[in-house]
């Protein structure tokens with residue numbers, strides 16, 4: 001029953017959006033850039049290193065959260081080896097965070 005209802009609703013929504021949407025393309029919609037503005041300079045120019053450092057910072061915190069939640073749920077059954085390996089993992093992440101801080105990725 002759920003499958004039939006979901007297929008029917010999705011089909012109705014798809015058909016209605018196709019029928020009711022505007023079909024005329026304008027000059028901005030057909031341009032190469034999604035924002036509709038002409039590019040200010042060459043797209044192959046160099047980026048500021050802070051963009052890459054912010055990406056590394058995101059990976060650091062993403063890894064930390066994705067590993068700490070399962071660790072916290074089974075903390076009582078891990079034992080000493082699991083605890084010290086988590087401390088080493090957090091030490092490596094802290095070193096990465098300090099590196100980011102020294103490079104100025106946090107200072108905007």
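The values are calculated or read from the model by the stated rules, or taken from the named source; none is laboratory data. Computed from a prediction, not measured in an experiment: that's the story for all the values here. Every residue, glycine as well, gets a Cβ built from its backbone with ideal geometry; the counts of neighbours run over all protein chains shown.
Of all residues in the range 71-108, those being modelled with pLDDT under 85 and either within 21 Å of the chain's Cα centre (by Cα) or closer than 21 Å to residue 52 by Cβ (or both) number 12. The residues on offer are 87, 68, 57, 91, and the sole one that is in contact (Cβ under 8 Å) with a residue 24 or more places away in the chain and either part of a helix (DSSP H, G or I) or touching a strand residue (DSSP E or B) at 6+ places or on another chain (Cβ under 8 Å) (or both) is 57.
Taken as a whole, the range 32-51 holds at least one residue that is part of a helix (DSSP H, G or I) and at pLDDT 75 or above.
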